[in-house]
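Take a look at the structure below.
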Amino acid sequence: MEFKGVYTAIVTPFCKGKVDYAGLKDLVELQIKAGVNGIVPVGTTGESPTLTIEEHIKVIETVISTVGERCSVIAGTGANSTAEAIQLTQMAKDVGAEATLQVAPYYNKPSQEGLYRHFSTICDECGLPLVLYNVPGRSSVQIAPETVAKLAKNPLIPAIKEAGGSAERVSAILDLCDITVLSGDDSLTLPMLSVGAKGIISVASNLVPSQIVRMVDAFLSGNAAEAERLHKRLYPLFRDLFIETNPGPVKSAMFMKGLLKEESYRLPLCPISEKSREVLRKTVENFFAKA
């Protein structure tokens, strides 16, 4: 399984407080039509911490059944308990998942040895390709480049989603090992591609998938100037889709554009402030006015 291009960290739509599985299928179809390389359900953007286990697996199953063989699916099955991550991963495997996204355990802040054992044990127990997910802003712990290199020796760990806010980490990782790096920050996609990343697991592509695909494809095909032009055009969206905690802004923007029936979240997440909404509204309107 090759990890390259654009993967959408898809939102989980709700309707009257319940997961809107029909709406989820519609969102997946829009992503496939736009030409994304894959879908990542129930990651951070999919509000995985507030879904029940049954909902979690049904979202994954819904995405897999909708996709068929038209693109890849990387199922979010990470947890801060290794046993829970194994349980979720095995359940995802049972419904057809071919790869999983595994976030660095949050809150309990394991050591680098603990991180190594956590990810290795999930691979040993479940036998699925595992994409590491470094996001210290949420997990409070970095997967050190040396730990990434150690884990990359496992053939079941072919890639890492790098959301540490630093393009320099891409160079540090690739200096130590041969692993596929996918950007985890929309605004850093182009800088990360320029030093060796192969794609993006994107939030913004929920809203503008075809534009993100064009930017990444342009760079990977050797047209850096076009990729830079598209990055500059997209940058205001990249900035303001994170004006508050993700996925609040992107869900709000999707509702503005009629992509969601309802702008709803699971507590403790809630709608963005009116001040942020007005900033985001202007940015979205300006972007699509120039489309």
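The values are calculated or read from the model by the stated rules, or taken from the named source; none is laboratory data. None of these values were measured; they are calculated from a predicted model. We place every Cβ from the backbone using ideal geometry, glycine too, and count neighbours over all the protein chains shown.
Brief remarks on what is shown
- Annotation: of all residues in region 247-263 being surrounded by 19 or more Cβ atoms within 10 Å (Cβ to Cβ) and of a type outside the set (D, E, K, R), the one that is nearest to Ser48 (Cα to Cα) is Pro247.
- Matching residues, region 29-45, being closer than 22 Å to Met91 by Cβ, free of Cβ contacts under 8 Å to residues at least 40 places away in the same chain and either of a type in the set (Gly, Ala, Ser) or touching a Cys at 6+ places or on another chain (Cβ under 9 Å) (or both): Gly38, Ile39
- Options Lys58, Lys25, Lys16; residue that is in contact (Cβ under 8 Å) with a residue 60 or more places away in the chain, of a type in the set (Lys, Arg) and either at positive phi or in contact with a helix residue (DSSP H, G or I) (Cβ under 8 Å, 6 or more places away or on another chain) (or both): Lys16
- Among the residues of region 9-25, those that are closer than 18 Å to Ile39 by Cβ and either part of a helix (DSSP H, G or I) or among the charged types (D, E, K, R) (or both) comprise Asp20, Tyr21, Ala22, Gly23, Leu24, Lys25.
- Selection status of Val36, in a helix (DSSP H, G or I), surrounded by 18 or more Cβ atoms within 10 Å (Cβ to Cβ) and within 16 Å of the chain's Cα centre (by Cα): no
- Helices (runs of 4 or more DSSP H) fully within region 210-289 that include at least 3 residues being of a type in the set (D, E, K, R) and under 27 Å from Gly23 (Cα atoms): 274-289.
- Tally of residues being buried (at least 23 other Cβ atoms within 10 Å of the Cβ), over 12 Å from His231 (Cβ atoms) and in contact (Cβ under 8 Å) with a residue 40 or more places away in the chain across region 184-198: 1
- Leading residue by the ranking (nearest to Ser202 (Cα to Cα)) among those in region 39-56 that are more than 17 Å from the chain's Cα centre (by Cα) and part of a helix (DSSP H, G or I): Glu55
- Hey, Asn154 crowded, with 19+ Cβ neighbours inside 10 Å and either modelled with pLDDT of 95 or more or closer than 24 Å to Gln90 by Cβ (or both) or not: no
- Residues that are over 24 Å from Asp26 (Cα atoms), assigned to a helix (DSSP H, G or I) and not aliphatic (A, V, I, L, M) within region 189-209 comprise Thr189, Pro191, Ser194, listed in sequence order.
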